[in-house]
Amino acid sequence: MTTGSNLGPTFWMTNPGVTPKGARKEFVDPDDIPWTDWLMPGTRFKLLYCNLVTGAFTLILKVDPGTVATPHWHMGNVQAYLLEGGFYYEEDDPGMAGMYTCEVAGAVHTPIAPDGCVMLAMVEGPIAGYLPDGGLAVVADARLHYYMARDNGAVEKLQLVDYATDPSQEMHAKAIG
């Protein structure tokens, strides 16, 4: 703690409204969040958490049966827990409902979901999608996902961390005075 600062533990314990949580409820029912079309045909998502400072975000991704993803490169890890259906990278290693995977940073692959799937994904960095000719199509980061969900009216229940627009900054400034 900086000398002369009023931001010690007592401040944070007695002023919970100044944390990024604010008045947001702790639990969110994803059924209350509309689906937002994702970047590939046959895919859509529900954004649950988005940290515009670190670039991390959490979403539920729904993939229609028969969808083959375009080749893409993970710039950060993506942890996924399959809620329904399944997908695979290689037919002899299918992921099914109830299974977990970590797509590590640097992974380049083309997942296939013959029967479709729904997964909870915790994304730790951008994903670069490629065109069939190998050219870069998109870099899908936390901010892009936030803008897509926002434009679809799907951010009301979202836990957003963005210190540039955090309303608690005014109280922080007063506290350190």
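How far, in nm, would the chain grow between Asp93 and Asp151 when pulled straight, counting 0.36 nm per residue and subtracting the alpha carbon separation?
Roughly 17.2 nm would be gained on extension.
In nm, to one decimal, how far is the modelled label at Glu84 from the one at Asp32, with both set 7 Å along Cα→Cβ?
Those two pseudo-labels are separated by 2.1 nm.
Direction-averaged shadow area of the convex hull around the Cα atoms of region 29-154, nm²?
If I average the Cα hull's projected area over directions, I get 7.4 nm².
How would you rank Glu124, Glu90, Glu156, going from fewest to most other Cβ atoms within 10 Å of each one's own Cβ?
Sorted ascending by nearby Cβ count, the order is Glu90, Glu156, Glu124.
Which of rounded, prolate, oblate describes region 87-134, given a ≥ b ≥ c as roots of the alpha-carbon gyration tensor eigenvalues and a/c under 1.5 marking rounded, otherwise prolate only if a/b is larger than b/c?
oblate
Bear in mind these aren't lab numbers, they're just calculated from the coordinates by the rules spelled out. Small disclaimer: the values here were computed from a predicted structure and weren't measured. Neighbour counts run over all protein chains shown; Cβ positions are idealised from the backbone, glycine included.
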